[in-house]
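Data block below; observations after.
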Amino acid sequence: MIEFPDSFLFGTATSSYQIEGDNVWSDWWYWAEKGKLPKAGKACNHWELYREDIELMASLDYLAYRFSVEWARIFPEEGKLNDSALERYQDIIDFLNKKGITPMLTIHHFTLPMWFALKGGFEKEENLKYWEEYVSVIAELKGVEFVATFNEPMVYVVAGYLMGMWPPFKKNPLRVGKVAVNIINAHAIAYEILHGKFKVGIVKNYQHFIPASDSKRDKEARDRVDYLFNWAFIDGIFYGSYESFMKKYKVNESDLDFIGINYYNIQKVKKSWNPLNPFIVEDADVSRKTDMGWSVYPKGIYEGIKAFSRYEKPMYITENGIATLDDEWRIEFIVQHLQYVHKAIKEGLDINGYFYWSFMDNYEWAEGFRPRFGLIEIDYETFERKPRRSAYIYGEIAKKKEISDELLEKYGLKEI
Ligand code: FCB
């Protein structure tokens with residue numbers, strides 16, 4: 001049996017656009033209408049069924065819930081505040097608290113109001129005044145302990161401005177730096193407004209990279225990609241400097257009360273001969289890939305926590321999960337990753353919670369509804385919620401704050 005501290009938060013995570021439905025004022029909705037992205041439609045219809053969902057979480061003994069608020073709902077048009085949306089988010093928070101579930105709120109989880117996107121979004125520094133207005137409204141919410149300013153800013157920037165896969169579909173390496181810098185400043189603005197009221201942090205994706213071969217070229221390529229993807233952003237906040245973009249900022253290490261780590265998979269890095277595309281990053285070789293095509297590597301969660309401990313901030317695993325229809329694999333995935341989180345705790349690392357992605361199946365961005373990450377299965381026609389076996393097993397772990405010998409025997413790694 002392995003035991004977790006009493007204060008450890010076992011929760012689940014979602015984001016607004018992926019579950020709420022009808023986020024018609026968002027950029028993702030706009031581009032889906034144009035045929036560039038899968039349509040989200042009613043998604044899980046959480047906007048109407050949120051009470052039922054929270055009841056379900058409580059009945060499963062989940063202790064914390066990470067969710068995001070949709071900027072485009074709160075400000076559907078420039079300068080036009082939608083009070084009823086704000087009231088609904090307050091009701092979500094109140095209901096969570098009433099059920100004894102700790103809320104963690106994310107302010108930006110990939111989507112933007114279309115009007116803000118049309119003005120150039122985070123590409124333009126002068127647009128940060130709209131962000132400031134939005135964040136000031138978030139500051140009015142009551143009953144929240146944790147607020148994350150941005151979800152995976154590096155993923156947002158790379159997918160939207162380098163690979164051109166997500167809105168605004170640009171492939172412009174020069175723009176990447178500019179957007180990243182503006183987001184660092186946006187974080188600083190939010191921190192100033194919100195700190196004191198909430199614990200304010202940022203959620204960073206940690207990708208576990210290995211070199212594709214033993215060659216010096218590949219090892220150096222791995223280190224470079226590791227720096228750019230995993231560390232450049234938080235270094236920017238923490239040290240107030242941004243090595244890769246050669247700039248100085250007003251932000252500094254006091255701008256983080258906690259760090260959220262999202263961890264999913266392991267990738268290999270190869271140096272290419274093409275100077276315009278110097279690194280080839282691919283999913284590492286494993287016997288079985290998830291329905292996202294990702295390679296599972298439980299030890300990576302421990303390596304990530306250890307590496308992030310360099311910032312000496314309280315840490316939370318804000319996302320970790322698997323897209324699969326094989327629920328036995330999901331149980332194994334959870335148990336094995338938690339074994340490594342436990343190892344980190346035992347070694348004295350400041351890791352305080354784990355949020356499984358996702359509470360329920362949902363709209364997985366450019367992949368649409370196909371990948372199933374949920375502990376709860378969603379029927380997208382009837383919106384029926386059906387807890388999978390993994391949902392109950394995770395609830396048992398959350399309630400007892402321990403993983404039983406029986407679970408370890410059946411699903412666990414024998415040696416870690
Ligand atoms: C993360 C995102 C989250 C979800 C998972 C699978 O990168 O933060 O919204 O899509 O991946």
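The values are calculated or read from the model by the stated rules, or taken from the named source; none is laboratory data. Being a predicted model, the structure only gives us computed values, none of them experimental. No Cβ is skipped: glycine too gets one built from the backbone with ideal geometry, and neighbour counts run over all protein chains shown. Side chains are part of the model used for accessible areas, which takes the heavy atoms of the whole protein and leaves out ligands, DNA and RNA. Shrake-Rupley method; radii C 1.70, N 1.55, O 1.52, S 1.80 Å.
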Worksheet item: Within the stretch 153-170, how many residues turn out to be outside any helix (DSSP H, G or I) and more than 21 Å from Met114 (Cβ to Cβ)?
Response: 1
Discussion item. Looking only at the stretch 300-326, count every residue that is surrounded by fewer than 18 Cβ atoms within 10 Å (Cβ to Cβ), within 14 Å of Phe373 (Cα to Cα) and either more than 16 Å from the ligand (Cβ to nearest atom) or among the polar types (S, T, N, Q) (or both) and tell me the total.
Written reply: 1
Practice prompt. Considering every residue within the stretch 262-273, establish whether at least one is at pLDDT below 95 and either surrounded by 15 or more Cβ atoms within 10 Å (Cβ to Cβ) or part of a helix (DSSP H, G or I) (or both).
Written response: no
Worksheet entry | Count of the stretch 278-327 residues which are part of a loop (DSSP other than H, G, I, E, B), among the hydrophobic types (A, V, I, L, M, F, W, C) and closer than 16 Å to Ser358 by Cβ | 5
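Yes or no: Arg370 of a type outside the set (A, V, I, L, M, F, W, C), touching a helix residue (DSSP H, G or I) at 6+ places or on another chain (Cβ under 9 Å), within 16 Å of the ligand (Cβ to nearest atom) and farther than 28 Å from Val147 by Cβ?
No; evaluated as a whole, the condition is false for this residue.
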Worksheet item: Is there any pair linking a residue in the stretch 151-175 that is without any contact (Cβ under 8 Å) to a residue 60 or more places away in the chain to one that is among the polar types (S, T, N, Q) and open to solvent by 30 Å² or more (accessible area, probe 1.4 Å), with Cβ under 8 Å and at least six apart or on different chains, and which?
Response: Tyr161/Asn172; Leu162/Asn172
Item to complete: Considering each of Tyr297, Tyr380 in turn, give the residue that is surrounded by 20 or more Cβ atoms within 10 Å (Cβ to Cβ) and away from the ligand (no atom under 14 Å from the Cβ).
Response: Tyr297
Worksheet item: How many residues are of a type outside the set (Gly, Ala, Ser) and out of contact with any Leu (no Cβ under 7 Å at 6 or more places or on another chain) when one looks only at the stretch 334-359?
Response: 15
Practice prompt. From Ala58, Ala13, grab the single residue that is farther than 20 Å from Glu381 by Cβ, among the small types (Gly, Ala, Ser) and open to solvent by less than 10 Å² (accessible area, probe 1.4 Å).
Written response: Ala13
Worksheet, complete the sentence: Flagged in the stretch 103-118 as within 13 Å of the ligand (Cβ to nearest atom) and farther than 20 Å from Ile317 by Cβ, in numbering order, are Thr111
Discussion item. List the helices (runs of 4 or more DSSP H) inside the stretch 10-99, counting only whole elements, that have at least 3 residues being in contact (Cβ under 8 Å) with a residue 60 or more places away in the chain.
Written reply: 16-19, 27-33, 46-59
Discussion item. Residue under question is Ser390, and the condition is that it be open to solvent by 20 Å² or more (accessible area, probe 1.4 Å), among the small types (Gly, Ala, Ser), in contact (Cβ under 8 Å) with a residue 24 or more places away in the chain and part of a helix (DSSP H, G or I); does it hold?
Written reply: no
Fill in: Neighbours by Cβ (under 7 Å, 6+ apart or cross-chain): first from the stretch 347-362, over 28 Å from Arg310 (Cβ atoms); second acidic (Asp, Glu) and open to solvent by 10 Å² or more (accessible area, probe 1.4 Å)
Asp361/Glu377
Worksheet item: Looking only at the stretch 339-366, which residues are away from the ligand (no atom under 16 Å from the Cβ), hydroxyl-bearing (Ser, Thr, Tyr) and in contact with a Ser or Thr (Cβ under 8 Å, 6 or more places away or on another chain)?
Response: none
